Amino acid sequence: MEVFWRKRRSNNRTGSRWWLPLLPVVVFLAGWQLLSGVNLINPALFPPPTSIAGELVDLYSSGLPTRSLLLTHVMATLRRLIVAAAVGILSGTLVGALMGISRRLYRFLDPLITVLMPVPGIAMAPLFIVWLGFGDPTIIALGSIAAFFPLAYNTAAGVRSIDLQLVRAARMMGADKGTLLLDVYLPWAAGYVLVGIKLGLARCWRTIIAVEFIAAASWGLGYMIWDAAEYLRADVVYGGIFLLIAIYFVIEKGLINTLEKHTVERWGMVRRQ
Amino acid sequence: MKSNHSSVIEFLFPFLTVAALWELTVRLHLVGMEMLPPPSLLISKLWTLTVRGVLLHHLGSSLYRLTIGYVLAVGLGIAVGALLASRRTLREMFAPVLSMLISVPTIAWVPVLLITMGLGDRTVVTAIFLGGFFAITYNTMRGIEMVNPGQLNAARIMGVGGWRLFVEVLLPASLVSIITGLRLGIGYSWRALVGGEMLSALVEWGIGKMVYQARFWNDVLVMLIGLLIIGFSGFLLDRVLLKWLEQETVEKWGMLAKR
């Protein structure tokens, strides 16, 4: 009885109050605009949202007939993300799968991974600059490393957690090694691998931006933000950070959710919430 | 159950193997000494740095910043999380913003903080705070939300309310989730600490700064030592501090299966 009543009430409420989450955002932005407009907060440090948006448009249109300044920065970062994520995800899944199959390898690599995983990519940047120099090689290498760890960790956990009954049942029904791998191990571990991809991609993105702060030679969203911060161009800094949040939001919602829908959900490993 | 002794050896074995291989590669001149100094040099340098007190100074200032930022994040995070859990309207208002803010990489706050709060300690501590705050707030809110209503009603009927309800019922019942938040939080705070120290020009001491400064002399030895210390400290903070907290509370109370 009570639960029933509660459910109805909550449905009613969310139905009529969808605008509630927008309220703090709108109040925040309006307050910022207003205070900055009348100089109550320093507009050099907190430029009003409208001028941040204006700056983004300016950056986009500068150099436009040939190539837009802003787009070139964004594309440089995205290119690095794609290469680094691909390398990190593939190698991580492979190593993770091997760790899942071999107990020996797991015992050997697990301590190394637990100690190396909490090292932030940006801390490794000085070392990699010495090894590989400024620019793409360092940024992509650190991005791959960042993506590698969650993949290896999660894939290993996924393969290790497999229900042995399933393996035995499949074997009994005559499955060979290839079938076993593709039809039993893969779907079982896929949920874990996907969680790994989600975490790995987030780490990769974060690391690439951070390393771009100190190791990029000339292009990239991180480079743009850092360069602007050094010259106290607050509007470019805020605009760039807004952009990187927005881009990642799109990547996560678009890419990862689609991937999920076409794999583990279709195979019935997880249910849609 | 294995004895403590053999599990320590099992943990150290991979490191010793890697160190031996590494030493061999360098001694056979397969890579340059200045690109990858061997572990033997690493240990002697580590010893000098420790004896001269340099390392302790770096590590001490890092831990000092981490403590301030993280303690603030824990206190405010739990308080705000509890507030959001107890007021439906507030929760509907702020939960989406909060889940959005969690996904912002902590390092992205640093340029903003450098502009608004200067190039010194304040920026680093604020970054540490922001790193931990959102994760702790979110998990506290979710934890309290999911407390069994029956348990809550039982406590209310027995006349427990207000502060006592929070401390004696809500907090223990949602501790599993809160500890998840604390663990996530210390990870984010730790990363924010290292990144913040590296990027703040006026910070002179700190383990992140040590690695960053080594860049100016291309001192790979100091960088490697710094990285090792960053890795082990991050690992210890999680395993020793928070694992201990988990064992002493929720595992002891039987809310979590022992692993």
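Would you be able to say whether some residue in the stretch B:78-87 is closer than 30 Å to B:L224 by Cβ and modelled with pLDDT of 90 or more? Looking for residues that are closer than 30 Å to B:L224 by Cβ and modelled with pLDDT of 90 or more, one finds none in the stretch B:78-87, hence no.
Considering the stretch B:152-199 alone, what residues qualify as being part of a loop (DSSP other than H, G, I, E, B), among the aliphatic types (A, V, I, L, M) and either within 14 Å of another protein chain (Cβ to nearest Cβ) or surrounded by 14 or more Cβ atoms within 10 Å (Cβ to Cβ) (or both)?
The initial filter retains those residues of the stretch B:152-199 that are part of a loop (DSSP other than H, G, I, E, B), namely B:158-161, B:174.
Among the residues that remain, those that are also among the aliphatic types (A, V, I, L, M) are: B:158, B:160.
Scanning the stretch B:152-199 gives a single hit, B:V160.
β-branched (V, I, T) and farther than 18 Å from A:A97 by Cα: does that describe A:V184? No: the conditions fail for A:V184.
Table: residues versus (1) in contact with an Asp or Glu (Cβ under 9 Å, 6 or more places away or on another chain); (2) in a helix (DSSP H, G or I); (3) surrounded by fewer than 17 Cβ atoms within 10 Å (Cβ to Cβ); (4) more than 14 Å from chain B (Cβ to nearest Cβ).
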site: A:M75; (1), (2), (3), (4): no, yes, yes, yes
site: A:G96; (1), (2), (3), (4): no, yes, no, yes
site: A:R107; (1), (2), (3), (4): yes, yes, yes, no
site: A:S144; (1), (2), (3), (4): no, yes, no, yes
site: A:F149; (1), (2), (3), (4): no, yes, no, no
site: A:G158; (1), (2), (3), (4): no, yes, no, yes
site: A:L166; (1), (2), (3), (4): no, yes, yes, yes
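Could we say that B:E204 is of a type in the set (D, E) and assigned to a helix (DSSP H, G or I) here? When the stated conditions are applied, B:E204 does not pass them.
Scanning the stretch B:19-47 for residues that are modelled with pLDDT of 85 or more, loosely packed, with under 14 Cβ neighbours inside 10 Å and either in a helix (DSSP H, G or I) or at positive phi (or both) yields B:A20, B:L21, B:L24, B:T25, B:R27, B:S40, B:I43, B:S44, B:W47. Of everything listed in (1) buried (at least 16 other Cβ atoms within 10 Å of the Cβ); (2) within 12 Å of chain A (Cβ to nearest Cβ); (3) in a helix (DSSP H, G or I), the single unmet condition for B:T89 is (1). Look at (1) within 24 Å of the chain's Cα centre (by Cα); (2) modelled with pLDDT of 85 or more and you find that B:W244 fails only one, number (2). Test of understanding: among A:V119, A:V130, A:V115, which residue is within 8 Å of chain B (Cβ to nearest Cβ) and part of a loop (DSSP other than H, G, I, E, B)? So the residue among A:V119, A:V130, A:V115 that is within 8 Å of chain B (Cβ to nearest Cβ) and part of a loop (DSSP other than H, G, I, E, B) is A:V119. Residue-level check: of (1) modelled with pLDDT of 90 or more; (2) in a loop (DSSP other than H, G, I, E, B), A:R80 misses just (2). May I ask you to verify whether A:A125 is small (G, A, S), at the interface with chain B (Cβ under 10 Å from one of its Cβ atoms) and touching a helix residue (DSSP H, G or I) at 6+ places or on another chain (Cβ under 9 Å)? Considered against the rule, which asks whether it is small (G, A, S), at the interface with chain B (Cβ under 10 Å from one of its Cβ atoms) and touching a helix residue (DSSP H, G or I) at 6+ places or on another chain (Cβ under 9 Å), A:A125 comes out as yes. Test A:I101 against the stated conditions and say whether it is away from every other protein chain (no Cβ under 13 Å), within 30 Å of A:Y153 (Cα to Cα), buried (at least 18 other Cβ atoms within 10 Å of the Cβ) and in contact (Cβ under 8 Å) with a residue 40 or more places away in the chain. No, not satisfied. Of all residues in the stretch B:103-119, those satisfying the criterion of being surrounded by fewer than 16 Cβ atoms within 10 Å (Cβ to Cβ) and more than 7 Å from every other protein chain (Cβ to nearest Cβ) are B:G118, B:L119.
Would you check which residues across the stretch A:216-227 are assigned to a helix (DSSP H, G or I) and surrounded by fewer than 22 Cβ atoms within 10 Å (Cβ to Cβ) and list them? Spell out how you get there, then give the answer.
Pass one, the stretch A:216-227, residues assigned to a helix (DSSP H, G or I): A:221-227.
Across the stretch A:216-227, the qualifying residue is only A:D227.
For the stretch B:200-226, filtering for residues that are within 15 Å of B:M35 (Cβ to Cβ) and either crowded, with 19+ Cβ neighbours inside 10 Å or touching a helix residue (DSSP H, G or I) at 6+ places or on another chain (Cβ under 9 Å) (or both) leaves 9.
For every residue, the table says whether it meets (1) within 14 Å of chain A (Cβ to nearest Cβ); (2) touching a helix residue (DSSP H, G or I) at 6+ places or on another chain (Cβ under 9 Å).
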position: B:L16; (1), (2): yes, no
position: B:E23; (1), (2): no, yes
position: B:L28; (1), (2): no, no
position: B:M35; (1), (2): yes, yes
position: B:P39; (1), (2): no, yes
position: B:G53; (1), (2): no, no
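Exactly one residue among B:L66, B:L114, B:L119 is in a loop (DSSP other than H, G, I, E, B) and touching a residue at least 60 places away in the same chain (Cβ under 8 Å), and that residue is B:L119. The set of residues from the stretch A:189-232 being without any contact (Cβ under 8 Å) to a residue 60 or more places away in the chain, among the charged types (D, E, K, R) and farther than 18 Å from A:I256 by Cβ comprises A:D227, A:E230.
The values are calculated or read from the model by the stated rules, or taken from the named source; none is laboratory data. All figures in this text were calculated on a predicted structure; none of them were measured in a lab. Counting neighbours? That spans all protein chains shown, and the Cβs are built from the backbone with ideal geometry, glycine included.
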